[in-house]
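Remarks on the structure that follows.
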Amino acid sequence: MAEVTFKDVDKVYGTDVHAVKDLSLDIRDGEFLVLVGPSGCGKTTALRMVAGLEEISDGTISIGGRVVNELTPKDRDIAMVFQNYALYPHMSVAENIAFGLRLRKTPKEEIERRVAWASKMLDLTPYLARRPKELSGGQRQRVAMGRAIVREPQAFLMDEPLSNLDAKLRVQMRADIARLQDELGTTTIYVTHDQVEAMTMGDRVAVMSMGELQQVDVPQRLYDSPANLFVAGFIGTPPMNLIQAQVQSQNGSVALTVGKQSLVLSDQALSRYPGIRNAAGRTIVLGVRSEDLYPAANRPDLPTLTANLELLEALGSQSIAHLRVDAEVVRLHAAHSDEEPEEAEGEGVTSTRPNLVATFTSRDAVGLKLHAEMPIAVDVSNVHVFDAESGAPLR
């Protein structure tokens, strides 16, 4: 086990493709750190630089206090688990798990001991004689995990290992990997574009965009206190609602004008975002989580916005309401998202589509009428406010 450190790390392809920019990050000994972000954000490149599969353009990477910039992958004492399993089809499960140990000329008795130990831990003992083609996707991924853990490396590197599995199996494997890492206590860097995986698995989560580290923190603080507009819009399912609003200040109170409607901010919101008091007359970005919106009849104590109910998705215990208000929606730039450029063009364009998403209990959703206007209560104590130009929170 060992800590892994990035210090001012850059990766440039050719002369102008800056895949990773000035990355500085400390992964503690025994920590499970998740690198998350949209496609092309640099997270896999960062992981491959730790593994030695990509050269570093500038900066240093250390594993266990030793700078590894010039070391070959086999000399770095790490184990990597790939997205596509990378198993040898002609070998049995036991032979695949033992392969790295045989290359290192580990004694036969020790190989057998470690393979038996890993197989028991991963529930693979009944399948040791099978070939990969005789296994399910989840079993193949467990074999790849077994091959990594028998080496007892200083660090595990995992590159989107669950992306080829179906939804139900991904949930199971998430729990299995988190349990395994907790039992082994091995420093782990896990790359994913799925922020649900990131939030449920990581001790800490590092959010990347366009090659730059945006924020690194424990999952709940990422959710409750995003460092900028990108993190706010990326972390959360459904994503945070982001719409433009104008700031009005009068007699010590602060109100946000959304379209032609007004929301007076609570003292709690003002204490969390005191910078809003100095933004009178400016256009800012208002962020509201879906769980902070309610049918107005259920929360008469809260201020309201009038919205049109465009779509209602029933999910059993809850319903997702897609609403439209007369306000300009803020979309993350295409370079920060998986949307096509034409979908993300023009930040702050009045939406003709739903621009608010609310999570109601299914009981609260009973009787709601599609394509009808309805008052939506907003818990203004939990809203977020960001500068429209820089994306920084107005703290």
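What follows is calculated from the coordinates using simple rules that are stated; it is not laboratory data. Remember, it's a predicted structure, so these values are computed and weren't measured experimentally. In this analysis, Cβ positions are derived from the backbone assuming ideal geometry, glycine residues included, and neighbour counts consider all displayed protein chains.
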With θ set to phi - 60° and the Karplus curve 6.51 cos²θ - 1.76 cosθ + 1.60, what are the ³J(HN,Hα) couplings of the range 5-18 in order, to the nearest whole Hz, using x for Gly and Pro? 10, 9, 10, 6, 7, 10, 9, 10, 9, x, 10, 9, 9, 8
Under 5 Å between amide H atoms, partner at least 5 residues away or on a different chain: which partners does residue 58 have, H built in plane at 1.01 Å? 10
Ordered by packing density, taken as the mean number of other Cβ atoms within 10 Å over each peptide's residues, highest first, how do 148-155, 170-177 rank? 148-155, 170-177
Assertion target for 147, 130, ordered by fewest C-beta neighbours within 10 angstrom first, is 130, 147
Please list the radius of gyration and Dmax for the chain, considering alpha-carbon atoms only, with Å as the unit. 24.5, 80
Starting at the first residue of the range 273-280, write each ³J(HN,Hα) from the Karplus equation 6.51 cos²θ - 1.76 cosθ + 1.60 with θ = phi - 60°, in whole Hz, x for Gly and Pro. 10, x, x, 5, 5, 9, 10, 4
Which shape class, rounded, prolate or oblate, goes with the range 125-172 when its Cα gyration tensor gives a ≥ b ≥ c as root eigenvalues, a/c under 1.5 marks rounded, and past that a/b bigger than b/c marks prolate? oblate
Please get the size of the charge dipole for the chain, origin at its Cα centre, with Cβ charges of +1 on Lys and Arg and -1 on Asp and Glu, quoted in debye to the nearest 20. 1200 debye
Taking amide H positions as placed in the peptide plane 1.01 Å from N, state which residues far from residue 212 in sequence (5 or more) or on other chains have amide H under 5 Å from it. 21
Identify, among 392, 41, 2, the residue whose Cα sits farthest towards the positive end of the charge dipole of the chain, taking +1 on the Cβ of Lys and Arg and -1 on the Cβ of Asp and Glu, with the dipole about the Cα centre. 2
Only helices counted: for the chain, with every DSSP H run of 4 or more residues adding -39500 (n - 2.57) and the sum spread over all residues, [θ] at 222 nm is -7000 deg cm²/dmol
Cut-off under 5 Å, modelled amide H: who pairs with residue 307 long-range: 374, 376
Give the dimensionless ratio obtained when the Cα radius of gyration of the range 59-149 is divided by 2.2 N^0.38 Å. 1.20
Place a +1 charge on the Cβ of each Lys and Arg in the range 1-114 and a -1 charge on the Cβ of each Asp and Glu, then give the dipole magnitude about the Cα centre in debye, rounded to the nearest 20. 440 debye
With 10 angstrom as the radius, rank 90, 322 by how many other C-beta atoms surround their C-beta, starting from the fewest. 90, 322
Picking from 265, 357, 380, whose Cα lies most toward the positive end of the charge dipole for the chain (charges on Cβ: Lys, Arg +1; Asp, Glu -1)? 357
Assuming a viscosity of 1.306 mPa s and a temperature of 10 °C, what translational diffusion coefficient in µm² per second does Stokes-Einstein assign to the range 145-234, Rh being the Kirkwood radius over Cα pairs? 112 µm²/s
Mind checking the dipole of the range 171-239: about its Cα centre, +1 per Lys or Arg Cβ, -1 per Asp or Glu Cβ, Debye to the nearest 20? 80 debye
Bin width 5 Å, origin at 0, all Cα-Cα pairs of the range 196-291: what percent of pairs per bin? 2, 12, 21, 21, 17, 12, 10, 5, 1, 0
Beyond a 18 Å Cα-Cα separation, which of these cross-linked pairs lie in this structure: 74/105; 11/43; 21/74; 43/74? 21/74; 43/74
Which loop-located trypsin sites (Lys or Arg not before Pro) does the range 204-280 contain, where loop means any DSSP state but H, G, I, E or B and the Cβ has at most 16 other Cβ atoms within 10 Å? 260
